[in-house]
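Here is the structure we will look at, set down as structure tokens.
The values are calculated or read from the model by the stated rules, or taken from the named source; none is laboratory data. These figures come from a predicted structure and were not determined experimentally. Cβ placement follows ideal geometry from the backbone for every residue including glycine, while neighbour counts extend to all protein chains displayed.
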Amino acid sequence: MHFIRKNRLLNIIPRIYLASTYFSRRILNLLKWLVVSKEDTNLTYDLTELNLKYIAAAISHLTAVDEKIIRKYFLELLTDKSLQNFVKNKIHASEFKSISDENVKFGRRIAWYAIVRAAKPKVIVESGVDKGLGSVVLCSALLKNKAEGFEGRYFGTEIVPEYGFLLRSPYSKVGEILFGDSITTLKKFKKKINIFINDSDHSTSYEYLEYLAIEKLLTDNSLILGDNSHVSDSLWRFSQKSKREFIFLPEWPKDHWYPGAGVGISFSSNKS
């Protein structure tokens, strides 16, 4: 082995093997995905157990809620058969069933859910709804909060009239979609925003303009979640400009070819 490592040409073989160990499982997952999945955008998947542990620890630190309670919120969402059946049935009856998987998996949205359960926000705004999976996840958390005595309301912005079809009763009891250009909608929005989630046009310039549009609606306790922070520094730059803290929680998909995105979080160090 020592001889091989000293020989530049011969050492190519073990180096190729080393590199292939990082890609072979992903390639197998890709082949499996091509057969069993119908998705072509907004991919869904479970997260690894290690990833869930790390995310729970970060959310616990961020919200000052015990880590065990955060993990309880994770389990609450993952075992919510009523929500899963609701999503599955709505997708099956929609025009999007040919490009959507009916097995409901939440990915990084599990972090959104736990943050809402822990922070008990009065107003959530999500820009970019698509089918509305994030919408019903967030509204499900609000309904759980309401049952505990904490009222909250969800507002989604969406430019495509056909999108957001998942947001129906009972989840629409605490949420609604505002159709039109997101930045125009946000500039007209009057309520203080406790949690803002950017998930619309993923150009860095448009994303940054959304943050500027809501800046005056933020409080010291407001949280901004960036769904594009794995490839965009817009939320980090906005945090620097507005003297807010920034952290990034990567997601590690379980048994999937996609390497994962993550959740950028901007928050004030002056929380009351």
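Figures for the structure shown
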read-out: Residues that are touching a Gly at 6+ places or on another chain (Cβ under 7 Å) and outside any strand (DSSP E or B), drawn from region 252-269; value: Trp252
read-out: Meets criteria (without any contact (Cβ under 8 Å) to a residue 12 or more places away in the chain, in the same structural domain as Gly260 (by TED's automatic domain parsing), more than 14 Å from Leu142 (Cα to Cα) and among the polar types (S, T, N, Q)) for Asn89; value: yes
read-out: Of all residues making up region 182-208, the number that are in contact with a strand residue (DSSP E or B) (Cβ under 6 Å, 6 or more places away or on another chain) and of a type outside the set (D, E, K, R); value: 9
read-out: Output for region 235-272, where each listed residue is touching a Leu at 6+ places or on another chain (Cβ under 9 Å) and polar (S, T, N, Q); value: Ser242, Ser266, Ser268
read-out: Unique residue being assigned to a strand (DSSP E or B) and touching a residue at least 24 places away in the same chain (Cβ under 8 Å) when the list is Leu225, Leu209; value: Leu225
read-out: Odd one out for Gly132 among (1) of a type outside the set (Ser, Thr, Tyr); (2) buried (at least 23 other Cβ atoms within 10 Å of the Cβ); (3) closer than 20 Å to Ile265 by Cα; value: (3)
read-out: Unique residue being surrounded by fewer than 17 Cβ atoms within 10 Å (Cβ to Cβ), of a type outside the set (A, V, I, L, M), under 27 Å from Asp80 (Cα atoms) and touching a strand residue (DSSP E or B) at 6+ places or on another chain (Cβ under 8 Å) when the list is Pro259, Pro170, Pro161, Pro253; value: Pro259
read-out: Exclusive hit being under 20 Å from Tyr113 (Cα atoms) and surrounded by fewer than 19 Cβ atoms within 10 Å (Cβ to Cβ), set Asn194, Asn221; value: Asn221
read-out: All positions within region 32-49 that are surrounded by 11 or more Cβ atoms within 10 Å (Cβ to Cβ) and either free of Cβ contacts under 8 Å to residues at least 12 places away in the same chain or not aliphatic (A, V, I, L, M) (or both); value: Lys32, Trp33, Ser37, Lys38, Glu39, Asn42, Thr44, Tyr45, Asp46, Thr48
read-out: Verdict on Gly164 being without any contact (Cβ under 8 Å) to a residue 12 or more places away in the chain and assigned to a loop (DSSP other than H, G, I, E, B); value: no
read-out: Any chance Ser242 is at pLDDT below 95 and of a type in the set (S, T, N, Q); value: no
read-out: The lone exception for Ser135 - which of (1) at negative phi; (2) over 14 Å from the mean Cα position of the chain (by Cα); (3) modelled with pLDDT of 95 or more; (4) not in a strand (DSSP E or B) it fails; value: (2)
read-out: Number of the condition not met by Lys146 [criteria: (1) of a type in the set (D, E, K, R); (2) within 25 Å of Thr79 (Cβ to Cβ); (3) surrounded by 18 or more Cβ atoms within 10 Å (Cβ to Cβ); (4) without any contact (Cβ under 8 Å) to a residue 60 or more places away in the chain]; value: (3)
read-out: Identity of the residue in region 110-129, among the charged types (D, E, K, R) and touching a strand residue (DSSP E or B) at 6+ places or on another chain (Cβ under 9 Å), that ends up surrounded by the most Cβ atoms within 10 Å (Cβ to Cβ); value: Glu126
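Per-residue answers, yes or no, for (1) part of a loop (DSSP other than H, G, I, E, B); (2) of a type outside the set (S, T, N, Q); (3) over 22 Å from Tyr211 (Cα atoms):
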| site | (1), (2), (3) |
| --- | --- |
| Ile59 | no, yes, no |
| Val65 | yes, yes, yes |
| Lys90 | no, yes, yes |
| Ser94 | yes, no, yes |
| Gly107 | yes, yes, yes |
| Ile124 | no, yes, no |
| Lys144 | no, yes, yes |
